[in-house]
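What follows is a single structure, written as structure tokens, with notes after it.
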Amino acid sequence: MIRRTQRLGGAPIPSDPQDSLASSIAIDGPTASGKSVVGRTLAERLGLWFFDTGMMYRACTLAVLEAGVDPADVAAVIALVRRLDLDLQWQDSAEPRALLDGRDVTALLRSPEVERAVSLVSGIPAVRTELVRRQRALASRTPVVMVGRDIGTRVLTEARAKVFLDASLEVRARRRLGEQRDAGRSTTFERVMEETRRRDQADATGQRAVRREQAAPDALIIDTDMLGIDEVVEACREAYRAANAAA
Ligand code: C5P
């Protein structure tokens, strides 16, 4: 279930679901490529909702762990995800909250336990089918800035604007290291680099794009290694404007 808790100004609200899907922007990229910060800022500038699909995979993983289900037990995970009361809410267009059975679990989604198991859960094709269905249902109601791994290639294939954010393994590992230290976790660059490499491998199945050659053919590829957040956001905004100018 997807619920909107605030009416948003600025965003064009198409009445036609197909138009809403086409007017959304799809942003893909590997872990720590900057999708979340770029997507959030872009959503604010475009007056659209920010939709981080990683939160849904993380919330499913949290539900699996809390239920005591083994993430490797595919049948049990699928059964749990299909009946899961997972809700996304927006009190602020750029800050979605994830709710499980009405409980706000947003703060729990980046725990080391969820980090370790999320690729396993998200690698199950039936889990992906279920979440893709829910993601499309939302984007057919109002245009969104949607970020993930399969947005341009599967979830929003009809989006006029698609972007793939790329960055080298070293730069991404350095960004993740900063995030982890900010969160008070002690780790090393080598360890984070290895975790990032492993995440890329685990995320490379099921129509997911973690390398630029796997991006949607009509996606704009932005190499973010040498760019600041604002420059990336502006490149995305220009891509959105150009793609939708004639619509
Ligand atoms: O983007 P984020 O790191 O929060 O995503 C967490 C995990 O969720 C990814 O590593 C990936 O396994 C999964 N995911 C996915 N497809 C998406 C978004 C996230 O498989 N569209």
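Things worth noting here:
- When the criteria are applied in full, Thr129 meets the requirement of being surrounded by fewer than 17 Cβ atoms within 10 Å (Cβ to Cβ) and among the β-branched types (Val, Ile, Thr).
- Scanning segment 92-110 for residues that are in contact with a strand residue (DSSP E or B) (Cβ under 7 Å, 6 or more places away or on another chain) and either surrounded by 16 or more Cβ atoms within 10 Å (Cβ to Cβ) or part of a loop (DSSP other than H, G, I, E, B) (or both) yields Ser93, Ala94, Pro96, Arg97, Ala98, Leu99, Leu100, Val105, Thr106, Leu109.
- Test for Arg141: is it of a type in the set (Lys, Arg), touching a residue at least 12 places away in the same chain (Cβ under 8 Å) and within 15 Å of the ligand (Cβ to nearest atom): no
- With respect to being of a type outside the set (Lys, Arg) and either touching a His at 6+ places or on another chain (Cβ under 7 Å) or open to solvent by less than 30 Å² (accessible area, probe 1.4 Å) (or both), Ala202 falls outside the description.
- Cβ pairs under 7 Å, 6+ apart, first in segment 114-128 and within 8 Å of the ligand (Cβ to nearest atom), second at pLDDT below 95 and open to solvent by 30 Å² or more (accessible area, probe 1.4 Å): Ser119/Ala202; Gly123/Ala202; Gly123/Thr205; Gly123/Gly206; Arg128/Gly206
- Count of residues meeting criterion [open to solvent by 10 Å² or more (accessible area, probe 1.4 Å) and assigned to a helix (DSSP H, G or I)] in segment 133-149: 4
- Criterion applied to Ala63, Ala117, Ala79 was being assigned to a helix (DSSP H, G or I) and surrounded by fewer than 15 Cβ atoms within 10 Å (Cβ to Cβ), and the one residue passing it is Ala79.
- Considering the conditions (1) touching a Leu at 6+ places or on another chain (Cβ under 7 Å); (2) more than 29 Å from Gly184 (Cβ to Cβ); (3) within 14 Å of the ligand (Cβ to nearest atom), Val155 is excluded by exactly one of them, (1).
- Here is the figure for segment 158-182: residues that are more than 14 Å from the ligand (Cβ to nearest atom) and open to solvent by 60 Å² or more (accessible area, probe 1.4 Å) total 5.
- Residue match in segment 18-29 (condition: within 16 Å of the ligand (Cβ to nearest atom), open to solvent by 20 Å² or more (accessible area, probe 1.4 Å) and either farther than 28 Å from Arg175 by Cβ or at pLDDT below 90 (or both)): no
- The set of residues in segment 183-194 being buried (at least 16 other Cβ atoms within 10 Å of the Cβ) and either without any contact (Cβ under 8 Å) to a residue 24 or more places away in the chain or touching a strand residue (DSSP E or B) at 6+ places or on another chain (Cβ under 8 Å) (or both) consists of Val192 alone.
The values are calculated or read from the model by the stated rules, or taken from the named source; none is laboratory data. What you see is a predicted model; the values in this text were computed from it and never measured. Neighbour counts are summed over all protein chains in view; Cβ atoms, including those assigned to glycine, are modelled from backbone coordinates with ideal geometry. Surface accessibility is based on the protein's heavy atoms, side chains included, excluding ligands, DNA and RNA. Shrake-Rupley method; radii C 1.70, N 1.55, O 1.52, S 1.80 Å.
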